[in-house]
Number of protein chains: 2
Amino acid sequence: MNKIHLCTLAVLTSLSFSSLAKDCDANLLPSWKDSDSKTAIVNFVEQSTDSSKATFIPVSDRIAVFDNDGTLWSEKPIYFQIAFALDQIKALAKTHPEWKTQEPFKSVIENDLEKVFAGGKESLLQIMKVTHSGMTVEEYQQSVEQWLAAAKDKRFGKAYNDLTFKPMREMLTYLQENNFKTYIVSGGGVDFMRVWAPEAYNIPEEQIIGSALKYEYSFNDGQPKVMKLGELLTLDDKEVKVENIQYIIGKKPVLAVGNSDGDQAMMQWATSQPNSMAMIVHHTDEAREWKYDRQSDVGRLDKALDEANERDNWQLIDMKNDWCAVY
Amino acid sequence: MNKIHLCTLAVLTSLSFSSLAKDCDANLLPSWKDSDSKTAIVNFVEQSTDSSKATFIPVSDRIAVFDNDGTLWSEKPIYFQIAFALDQIKALAKTHPEWKTQEPFKSVIENDLEKVFAGGKESLLQIMKVTHSGMTVEEYQQSVEQWLAAAKDKRFGKAYNDLTFKPMREMLTYLQENNFKTYIVSGGGVDFMRVWAPEAYNIPEEQIIGSALKYEYSFNDGQPKVMKLGELLTLDDKEVKVENIQYIIGKKPVLAVGNSDGDQAMMQWATSQPNSMAMIVHHTDEAREWKYDRQSDVGRLDKALDEANERDNWQLIDMKNDWCAVY
């Protein structure tokens with residue numbers, strides 16, 4: 001009911017501009033108002049799939065890459081994977097009495113997040129290492145699954161995997177129905193995302209690219225296992241996103257969607273060819289989600305916002321004005 | 001004509017055992033004689049795709065991984081990618097007069113392969129670095145394409161990409177028709193394979209995993225490019241094959257096919273679950289291809305051969321006796 005109410009409000013608000021142009025009841029992409037963003041998506045798909053047009057893209061080249069945090073689900077007030085790590089520290093604290101006096105664990109246990117984040121990258125790395133390595137991939141993913149089943153986002157009171165964006169899920173479905181191979185290319189951990197993203201987005205494990213710690217295989221007397229080591233394999237952000245796309249996909253995507261400067265490189269890479277498009281989810285909706293861009297530490301959108309304003313095939317998605325529903 | 005002749009010969013040779021059991025005219029996998037290998041493939045596919053059986057595998061889990069060198073195409077007398085590198089050195093020698101006196105280039109130019117290989121890994125690395133880095137991925141792949149169009153294997157007088165194994169191509173097609181996602185997981189270079197393997201095997205670029213040099217993305221004033229650096233990113237062999245499968249695919253394959261001890265780890269990994277299978281291409285045919293196993297430097301099959309003899313769901317493919325045609 002809440003969604004319908006908000007949508008109605010949004011439609012009423014926009015009546016002064018154009019009542020017809022903001023239809024929320026369409027069959028196609030129903031959570032998108034009739035807006036430049038929706039038009040851009042539909043035009044892009046139609047021109048890519050019409051074999052009579054010069055803009056046609058063969059199925060094998062229909063590669064679309066999506067950032068995850070802030071693009072397909074929320075990333076505020078902190079990345080959800082960090083929320084997982086902090087909760088894990090608290091759960092593990094029982095068997096680590098020494099953490100009561102040892103930073104950054106002490107501050108985590110005392111819920112003093114300001115102090116945790118004041119410790120910078122080094123603190124976060126320690127927290128990530130303790131909660132993300134020294135176990136098999138399977139064990140790690142079980143802990144993520146258990147956490148997801150129990151944890152709730154404080155602001156919305158929802159499970160974290162219920163905070164994916166409905167309009168973006170519709171966009172993914174629309175692309176998939178038109179034979180686009182949809183990929184996630186995210187700074188988030190690949191093992192973390194593979195637990196819930198396949199179901200949330202209909203994107204299989206093998207189409208999820210992300211940050212990773214090194215893996216170590218051992219045969220172990222007929223009980224082979226893959227351990228997660230405490231050393232970084234790849235931090236999938238900025239230029240590295242392009243390098244990982246080259247290494248893992250081996251093709252230049254025709255569509256790249258992100259929400260921050262961390263996605264600018266892959267958007268530049270994708271749109272350095274004809275018939276391509278980049279889209280940016282602009283967080284403009286403090287009532288229904290969050291509002292941030294140039295000044296935000298998490299998901300900063302500054303240089304890519306300038307570039308979007310300059311380039312014809314870079315389309316900004318205005319969350320507040322373009323979406324009938326958020327979640 | 002040659003293939004038919006060889007096949008007839010093979011059938012005649014095997015008449016003393018069973019004339020009916022060696023039929024080469026089947027509709028299914030026609031280049032496979034009726035043999036334990038063929039039976040194993042057909043049984044595996046049938047039990048995996050029959051939803052009424054406990055052995056049924058959902059489509060999303062039908063991941064099959066194949067080594068390339070020695071499994072899907074030949075690898076003798078030297079890996080074909082090494083043949084490419086040596087030919088490139090000769091082509092580049094015109095603009096590198098200093099190589100006339102500088103090893104290992106001098107020996108390459110003088111066709112003294114024994115001396116080149118006597119230099120060991122260090123020599124080979126120098127050759128690979130010069131021919132595989134310092135250029136964009138696009139430039140590199142164009143050079144591979146040009147080489148493939150012109151170069152011929154000395155023994156068979158065929159283009160290298162015509163030396164893929166016909167029975168294995170049939171096996172790939174059969175799996176693909178039954179909704180298996182077929183992957184290459186090879187020690188060969190991923191950028192090298194992506195030039196020709198998609199057409200040869202109907203396996204798209206994004207389902208090819210291999211060794212790689214590091215990549216470097218730069219924006220370059222609106223002309224973004226990805227360079228191949230002279231530093232190793234991954235040597236996709238042995239345990240690393242499993243680690244890369246975990247990182248890139250994120251699922252345990254249900255079928256792993258290889259031909260050497262370098263594939264043993266991924267075969268162990270795949271078959272550490274029910275309803276899985278490993279297969280090994282055993283090079284037993286010196287007349288039609290090559291004959292080697294335990295003593296070979298390239299494609300050594302020793303420990304994995306022992307394991308195949310011990311395990312029920314590890315199936316040896318006897319190239320000489322199981323295949324009607326090789327290429």
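Between the stretch B:45-63 and the stretch A:157-179, how far is it from one alpha carbon centroid to the other, in angstrom?
28
Between copies, how far apart are the A:Arg311 label points? List them in nm, one decimal, shortest first, with each point 7 Å from Cα toward Cβ, please?
4.7
Kindly sort B:Lys291, A:Lys238 by accessible area of their heavy atoms, largest first, with the probe set to 1.4 Å.
Working: B:Lys291 130, A:Lys238 100 Å².
Most to least solvent-accessible, the answer reads B:Lys291, A:Lys238.
If you only keep lysine pairs separated by 8 or more in sequence, or across chains, how many in the stretch A:60-159 come under 15 Å at the Cα atoms?
Counting lysine pairs in the stretch A:60-159 gives 10.
Provide A:Arg288, A:Arg300 ordered by accessible surface of protein heavy atoms (probe 1.4 Å), highest first. Provide the component values of the computation, followed by the final result.
Values: A:Arg288 25, A:Arg300 105 Å².
The residues order as A:Arg300, A:Arg288, largest area first.
Binning at 10 Å from 0, report for the protein assembly as shown what percent of all alpha-carbon pair distances ends up in each bin.
3, 14, 23, 23, 19, 12, 5, 1, 0, 0
Using alpha carbon centroids, what distance separates the stretch A:206-222 and the stretch B:241-286, in Å?
Using only Cα atoms to place each centre, the spacing works out to 15 Å.
Compute for chains A and B the buried accessible surface, both sides summed, probe 1.4 Å, and express it in Å² to the nearest 100. Walk me through the intermediate numbers first.
Values: alone 16150 and 16140 Å², together 29280 Å².
When A and B are taken together, about 3000 Å² of accessible area is lost.
Rg/Rh for the stretch A:143-203: what does it come to with C-alpha atoms and Rh from Kirkwood? Before the final figure, lay out each step's value.
On the way: Rg = 12.8 Å, Rh = 12.8 Å.
Rg divided by Rh gives 1.00.
Set the Förster radius R0 to 35 Å, insert the Cβ-Cβ distance between B:Thr101 and B:Phe219 as r into 1/(1 + (r/R0)^6), and round the FRET efficiency to 0.05. Walk me through the numbers before you get to the answer.
Details: r = 40 Å, r/R0 = 1.15.
Efficiency, rounded to the nearest 0.05: 0.30.
Charges on Cβ only, +1 for Lys and Arg, -1 for Asp and Glu, centred on the Cα centroid of chain B; of B:Asn178, B:Ser296, B:Val42, which one is farthest towards the dipole's positive end?
The residue sitting most towards the positive pole is B:Ser296.
Kindly provide the Kirkwood hydrodynamic radius of the stretch B:110-228 in Å, to one decimal, from all pairs of distinct alpha carbon atoms.
Details: mean 1/r = 0.0602 Å⁻¹.
After inverting the mean inverse Cα-Cα distance, the result is 16.6 Å.
Net charge within 12 Å of A:Val240 by Cβ-Cβ distance, Lys/Arg positive one each and Asp/Glu negative one each, not counting A:Val240 itself? Don't skip to the answer; put the middle values down first.
Working: positive: A:Lys238, A:Lys241, B:Lys214; negative: A:Asp236, A:Asp237, A:Glu239, A:Glu243, A:Asp263, B:Glu216.
Every neighbour counted, the sum reads -3.
So how much accessible area does B:Thr234 have, in Å² to the nearest 10, using a 1.4 Å probe?
Around 10 Å² of this residue is reachable by solvent.
Students often forget the sequence filter, so: which aspartates and glutamates lie under 12 Å Cα-Cα from A:Lys320 once same-chain residues fewer than 8 apart are removed?
Hits, sequence-local ones excluded: A:Asp285, A:Glu286, A:Glu289.
For B:Ala26 and B:Ala150, what does the FRET efficiency come to when R0 = 51 Å and r is the distance between their Cβ atoms, rounded to the nearest 0.05? Can you show the working numbers first?
Details: r = 37 Å, r/R0 = 0.72.
That pair, B:Ala26 with B:Ala150, gives E of 0.90.
Please report, for B:Ala287, the nm distances (one decimal) from its label point, 7 Å out from Cα along the beta-carbon direction, to the equivalent points in the remaining copies, shortest first.
Copy-to-copy label distances for B:Ala287: 8.3 nm.
How big is the dipole moment of the stretch A:162-246 about its Cα centre under a simple scheme where the beta carbon of each Lys and Arg is +1, that of each Asp and Glu is -1, and everything else is neutral? Debye, nearest 20, please. The partial results should precede the final answer.
Numbers: 9 positive and 14 negative charges, 18 e Å.
The calculation lands at about 80 debye.
Determine the calculated [θ] at 222 nm for the protein assembly as shown from helices alone, applying -39500 (n - 2.57) to every DSSP H run no shorter than 4 residues and normalising by the residue count; nearest 500 deg cm²/dmol.
Working: 26 runs with 253 residues, N = 654.
Dividing the helical sum by the residues of the protein assembly as shown leaves -11000 deg cm²/dmol.
Can you tell me the accessible area per residue over the protein assembly as shown, all protein chains present, probe 1.4 angstrom, in square angstrom? Mind showing how you got there, number by number?
Numbers: 29280 Å² over 654 residues.
Accessible area per residue, the protein assembly as shown: 45 Å².
Given chain A, report the % of alpha carbon pairs whose separation exceeds 37 Å. Numbers along the way, then the final one.
Numbers: 10562 of 53301 pairs.
Distances greater than 37 Å cover 20 percent of the Cα pairs.
Estimate the FRET efficiency between B:Ser52 and A:Asp36 by the formula 1/(1 + (r/R0)^6), using the beta-carbon distance for r and 41 Å for R0, to the nearest 0.05.
Working: r = 51 Å, r/R0 = 1.25.
Taking R0 as 41 Å, the efficiency between B:Ser52 and A:Asp36 is 0.20.
Given points 7 Å out from each Cα along the Cα-Cβ axis, report the A:Asp306 to B:Asn43 separation in nanometres with one decimal.
Distance between label points: 6.7 nm.
Residues with amide H under 5 Å of A:Gly210's amide H, sequence separation 5 or more or different chain, H placed in the peptide plane at 1.01 Å from N; which?
It is A:Ser186, A:Val190, by chain and number.
Between chains B and A there is a rotation axis; tell me the chain B residue with the nearest beta carbon and how many whole Å away it sits.
B:Ile248, 3
Return the carbon/sulfur percentage of the accessible area of the protein assembly as shown, one whole number, probe 1.4 Å, all protein chains in place. Don't skip to the answer; put the middle values down first.
Working: 14670 of 29280 Å².
So the carbon and sulfur contribution to the accessible surface is 50 percent.
What net charge is computed for the residues neighbouring B:Pro224, neighbours being all others with C-beta under 10 Å from the C-beta of B:Pro224, Lys and Arg scored +1, Asp and Glu -1?
On the way: positive: A:Lys252, B:Lys225; negative: A:Glu239, B:Asp221.
Neighbourhood net charge equals 0.
So how tilted is helix A:190-201 from the main axis of chain A? Cα-based, degrees 0 to 90, rounded to 10.
40
Any idea of B:Glu216's accessible area? Nearest 10 Å², probe 1.4 Å.
The accessible area of B:Glu216 comes to roughly 90 Å².
Going from most exposed to least, what order do A:Glu205, B:Glu98, A:Glu145 have by accessible area with a 1.4 Å probe?
Details: A:Glu205 45, B:Glu98 80, A:Glu145 115 Å².
I get A:Glu145, B:Glu98, A:Glu205, largest accessible area first.
For B:Lys214, give me every one of the aspartates and glutamates with a C-alpha distance below 16 angstrom, ignoring sequence neighbours fewer than eight places off in its own chain.
Answer for B:Lys214, where 16 Å is the Cα cut-off: A:Asp236, A:Asp237, A:Glu239, A:Glu243, B:Glu138, B:Glu139, B:Asp191, B:Glu231, B:Asp236, listed by chain and number.
About the Cα centre, and with charges only on the beta carbon of Lys, Arg (+1) and Asp, Glu (-1), how big is the dipole of chain B? Nearest 20 debye, please.
Numbers: 36 positive and 49 negative charges, 90 e Å.
Computed charge dipole of chain B: roughly 440 debye.
One decimal, nm, shortest first: give the distances between the label point of B:Glu46 and those of the same position in the other copies, each label point 7 Å from Cα along Cα→Cβ.
Distances between equivalent label points, in nm: 5.0.
Please check the stretch A:228-275 for residues whose accessible area, probe 1.4 Å, is lower by 50 Å² or more when all protein chains are in place than in their chain alone.
SASA drop of 50 Å² or more in the stretch A:228-275: A:Glu243, A:Gln246, A:Tyr247, A:Ile248, A:Lys251, A:Gln268, A:Trp269.
A:Leu233: accessible area at probe 1.4 Å, nearest 10 Å²?
Rounded to the nearest 10, the figure is 80 Å².
Along the charge dipole of chain B, Cβ charges K/R +1 and D/E -1, which of B:Tyr79, B:Tyr247, B:His96 sits furthest on the positive end?
Farthest towards the positive pole: B:His96.
For B:Asp302, enumerate residues with amide H under 5 Å from its amide H, sequence gap 5+ or separate chain, H modeled in the peptide plane.
Correct list: B:Asp261.
The values are calculated or read from the model by the stated rules, or taken from the named source; none is laboratory data. Every value quoted in this text rests on a predicted model; they were computed, and no experiment measured them. Note that each Cβ is placed from the backbone with ideal geometry, even for glycine, and that neighbours are counted across all protein chains shown. These accessible areas exclude ligands, DNA and RNA; they are computed on the full protein's heavy atoms, side chains included. Shrake-Rupley method; radii C 1.70, N 1.55, O 1.52, S 1.80 Å.
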